[in-house]
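> This is the structure I have questions about; it appears just below.
What follows is calculated from the coordinates using simple rules that are stated; it is not laboratory data. Because the structure is predicted, anything quoted here is derived from the model rather than measured. Positions of Cβ are generated from backbone atoms using ideal geometry, with glycine treated the same way; all protein chains shown enter the neighbour counts.
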Amino acid sequence: MLLVLILLVLGFRGCLNARKESAIKDYVRESSELAQQSKLQGKNLFGLLSEPGDQDEAIDRENAVNGLRVESATTVDQARDLDVPDELSTAQGYFLDALELRRDSIARVADELPGALADQERRQSSDQIAQMMQFISASDVLLVGRWKPSTEQTLESEDLQGDVALPRDGQLTVLPDIQWVDPSFVADQIEGIRSGAGADSGGDAAPGLHGNGLGTVSLGGVALTPGAGATVPLSDDLAFEVQVLNQGENNETDVNVRVTVGEGDEAIELEESIDTIAVGEQQTVTLPLGAQPPTGQNVPIKVVVEPVDGEEKTDNNEADFTVIFTE
């Protein structure tokens, strides 16, 4: 009888431990997906603030930023609804603080953008937008310097660090350049929208051939072939390995690599950048999958190496693949 009781107690403890481990891994996966969703919203925001345009597009630009306001608020709501194990309550506090800072900053930018694009009160509105960039910078610090280390510490203490992957630092940060906290720099970017010239129109790309090419692509060690299918078993640490080749005559900086898994609203968007790639150099970018795609069916995948300034030939910058994910 005593032996049966001991076995029951051990079995009960085992179930509790398994349930706790599963809850921790679920939280890490789901919060990581939301973090990368927030990253994409930030990238879109800075694209809207810096891409050349003209005054006729001002309303469309303002509407797009308002759309990001709604998206960022939804992301915060989703983060609040996460099932948070007690072991990760501290990390969740940092996570919510960071996403709320981004939500509030995007909302304020949306409020100030019409004034920044108008003929009056442009400087005041640009100053307010620059101030919001300081809060976005603070959100980056919270995610990279607080949420991620706190989560890693919990994974280590529970001996789960090899079972689930956290996003890289570059997949968490939003502010593209510290210059965005400078009101003058923000004003220059906004003027680029108004004039259609772009804030950097005074500087042309360096002479000579520019361009990068997409090399080999693999997922979880399985080589992917454009236009062909592949079967890949799902795992917690599944990641894309994307090879980028500098095929031009200039060193390139800030080369962005994007991977889209699936289609439509359910698509998983991944991105990572290369700080510098020298002439003739080959670099491999790692992009953890993070979220779980559908299994047992053909899932389309697009891999893109975004063109750099001065790049004219772009037909070798992207490729389409098909993968069947299995449990």
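> Run the helix sum for the chain: -39,500 (n - 2.57) per DSSP H stretch of 4+ residues, divided by residue count, reported at 222 nm to the nearest 500 deg cm²/dmol. Before the final figure, lay out the partial values.
Numbers: 6 runs with 145 residues, N = 327.
Roughly -15500 deg cm²/dmol at 222 nm, from the helical runs in the chain.
> With axes computed from alpha carbons, what is the tilt in degrees of helix 89-117 against the longest principal axis of the chain, rounded to the nearest 10 within 0 to 90?
20 degrees
> What is the angle, in °, between the Cα long axis of helix 58-80 and the longest principal axis of the Cα atoms in the chain? Nearest 10 is fine, range 0 to 90.
Here the helix axis deviates by roughly 20 degrees.
> Could you tell me which residue out of 74, 88, 192 lies farthest along the dipole of region 22-195 toward its positive end? Charges go on the beta carbon: Lys and Arg +1, Asp and Glu -1, centred on the Cα centre.
192
> Using the Karplus curve 6.51 cos²θ - 1.76 cosθ + 1.60 with θ = phi - 60°, work out ³J(HN,Hα) for each residue of region 297-309 in order, rounded to whole Hz, and write x for Gly and Pro.
Coupling constants for region 297-309: 8, 5, 10, x, 9, 10, 10, 10, 9, 5, x, 9, 4 Hz.
> Separate question: Which order do 70, 109 fall in if you start with the one that has the fewest other Cβ atoms within 10 Å? List each step's numbers first, then the result.
Values: 70 13, 109 25.
Least crowded to most crowded, the residues run 70, 109.
> What spacing in nm lies between the two simple spin-label points modelled at residue 124 and residue 322, each 7 Å away from Cα in the Cβ direction?
Between residue 124 and residue 322, the simple spin-label model gives 5.9 nm.
> How far, in degrees from 0 to 90, does helix 2-50 lean away from the longest principal axis of the Cα atoms of the chain, to the nearest 10?
Taking Cα atoms only, the helix is inclined about 10 degrees.
> May I ask for the equivalent-ellipsoid semi-axes of the chain, computed as the square root of five times each C-alpha gyration tensor eigenvalue and listed largest first in whole Å? List each step's numbers first, then the result.
On the way: eigenvalues 303, 152, 52 Å².
Equivalent ellipsoid of the chain: 39, 28, 16 Å, largest first.
> Now a separate question. Compare the Cα positions of 240, 153, 167 along the charge dipole of the chain (+1 at Cβ of Lys, Arg; -1 at Cβ of Asp, Glu; about the Cα centre) and return the one farthest towards the positive end.
153
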